[in-house]
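A short worksheet on the structure shown next.
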Amino acid sequence: MTNDLKESFSGDSPPAPAALAAKVRTLAPSMTRSMQRVAEAVAGDPAGCAALTVTGLAELTGTSEATVVRTARLLGYPGYRDLRLALAGLAAHQQSGRAPAVTADIAVDDPIADVVAKLAFDEQQTLADTAAGLDMVQLGAAVAAASAARRIDIYGAGASSLVAQDLGQKLLRIGLIAHAHTDPHLAVTNAVQLRSGDVAIAITHSGSTVDVIEPLRVAFDQGATTIAITGRPDGPVSQYADHVLTTSTARESELRPAAMSSRTSQLLVVDCLFIGVAQRTYETAAPALAASYEALAHRHTPRSTR
């Protein structure tokens with residue numbers, strides 16, 4: 001990730017109030033414990049925290065004024081005053097008549113109806129958080145690069161490999177040369193063949209999956225345009241990414257770890273990227289998609305039982 005992009009992520013343009021809660025949820029796992037207490041306080045009670053001075057918030061969270069300011073800057077605000085203004089806006093947004101949130105984690109003895117309600121809420125919140133936190137400039141640049149690419153390689157491991165395969169299949173359906181690599185050895189050997197004008201996409205929730213970072217690094221060194229889709233934009237994968245698309249994650253629980261809950265937001269980002277590419281390549285994408293439908297149509301037609 002270039003220095004300019006890192007500076008952009010760090011907060012030259014403060015996030016809108018509606019995106020603040022999403023950014024807290026995304027960045028909190030990578031913060032120090034003292035910064036997490038500040039982040040959790042502002043996300044949990046924006047109205048109350050908006051009424052506090054920097055000293056008051058430091059006392060409330062058992063931290064220091066310096067920690068409060070550092071947290072504000074990590075969240076994308078020049079200083080605490082700007083964070084307070086965003087908190088006031090977020091509080092007003094939350095009081096606009098929306099239904100109360102479902103906040104409890106899924107328990108082993110939950111009735112199936114409660115499981116459905118909790119999962120539905122978490123999925124909706126994850127999608128909303130991801131959409132609110134997605135950088136449109138970065139997304140636009142990623143779409144432009146993929147639309148013009150000679151070849152697109154996609155890397156994913158574990159649960160992220162399913163998302164990588166989904167994107168690869170979508171791009172193939174519109175006539176692009178795209179391959180999803182889930183074997184780390186094949187991923188690296190293919191990355192060696194990439195050149196300027198090619199695109200490599202790494203999908204990793206943690207931002208530190210070695211089997212995904214290694215082929216992206218090789219692609220980066222070969223001159224390909226590199227894209228990272230990750231829940232940790234400050235993670236190691238970003239070192240080798242020209243463009244970073246950040247995902248959000250539903251609340252983790254014993255029954256639903258991050259690797260599972262991250263898939264929903266990854267699929268949203270993948271769909272946004274795909275639709276953007278399809279729009280830019282519409283003249284060739286539409287006929288290719290129609291041809292693929294026609295080629296497969298007979299497989300979806302019930303055969304005669306005679």
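The values are calculated or read from the model by the stated rules, or taken from the named source; none is laboratory data. A quick note: this is a predicted structure, and the numbers were derived from the prediction, not measured. Backbone-built Cβ (ideal geometry, glycine too); neighbour counts: all protein chains shown. Only protein heavy atoms, including side chains, enter the accessible area calculation; ligands, DNA and RNA are left aside. Shrake-Rupley method; radii C 1.70, N 1.55, O 1.52, S 1.80 Å.
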Among ASP105, ASP109, the single one that is at pLDDT below 80 and in a loop (DSSP other than H, G, I, E, B) is ASP105
Of the listed residues (GLN94, GLN125), the one being within 24 Å of SER248 (Cα to Cα), open to solvent by 70 Å² or more (accessible area, probe 1.4 Å) and at pLDDT below 85 is GLN94
Taking first residues from the stretch 105-134 that are free of Cβ contacts under 8 Å to residues at least 12 places away in the same chain and second residues anywhere that are of a type in the set (A, V, I, L, M), the pairs with Cβ under 6 Å that are 6 or more apart or on different chains are VAL115/ILE106
Looking across the stretch 238-255 at residues that are more than 19 Å from VAL143 (Cα to Cα) and at pLDDT 65 or above, the single one that is surrounded by the most Cβ atoms within 10 Å (Cβ to Cβ) is SER248
Does THR204 satisfy being surrounded by 23 or more Cβ atoms within 10 Å (Cβ to Cβ), in contact with a strand residue (DSSP E or B) (Cβ under 9 Å, 6 or more places away or on another chain) and farther than 30 Å from ALA286 by Cβ? yes
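Quick one: which of VAL137, VAL188, VAL163 is assigned to a helix (DSSP H, G or I), under 30 Å from ALA224 (Cα atoms) and open to solvent by 50 Å² or more (accessible area, probe 1.4 Å)? Talk me through it step by step, then tell me what you get.
Details: VAL188 fails: open to solvent by 50 Å² or more (accessible area, probe 1.4 Å); VAL163 fails: open to solvent by 50 Å² or more (accessible area, probe 1.4 Å).
On inspection, the qualifying residue turns out to be VAL137.
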Before we move on, is ASP211 open to solvent by 10 Å² or more (accessible area, probe 1.4 Å), within 23 Å of PRO29 (Cβ to Cβ) and part of a loop (DSSP other than H, G, I, E, B)? no
VAL108 vs (1) open to solvent by 60 Å² or more (accessible area, probe 1.4 Å); (2) in contact with a helix residue (DSSP H, G or I) (Cβ under 8 Å, 6 or more places away or on another chain); (3) not acidic (Asp, Glu): all pass except (2)
MET1 passes all but one of the listed conditions (1) part of a loop (DSSP other than H, G, I, E, B); (2) at pLDDT 75 or above; the exception is number (2)
Taking the stretch 33-51 and the residues there that are touching a helix residue (DSSP H, G or I) at 6+ places or on another chain (Cβ under 8 Å) and open to solvent by 50 Å² or more (accessible area, probe 1.4 Å), the one that is modelled with the highest pLDDT would be ARG37
For the stretch 59-84, the count of residues that are in a loop (DSSP other than H, G, I, E, B) and under 13 Å from ARG37 (Cα atoms) equals 3
Taking the stretch 141-160 and keeping residues more than 15 Å from the chain's Cα centre (by Cα) and surrounded by fewer than 20 Cβ atoms within 10 Å (Cβ to Cβ) leaves ALA141, ALA144, SER147, ALA148, ARG150, ARG151, GLY158
Scanning the stretch 266-297 for residues that are modelled with pLDDT of 90 or more, in a helix (DSSP H, G or I) and polar (S, T, N, Q), the one farthest from GLN138 (Cα to Cα) turns out to be THR284
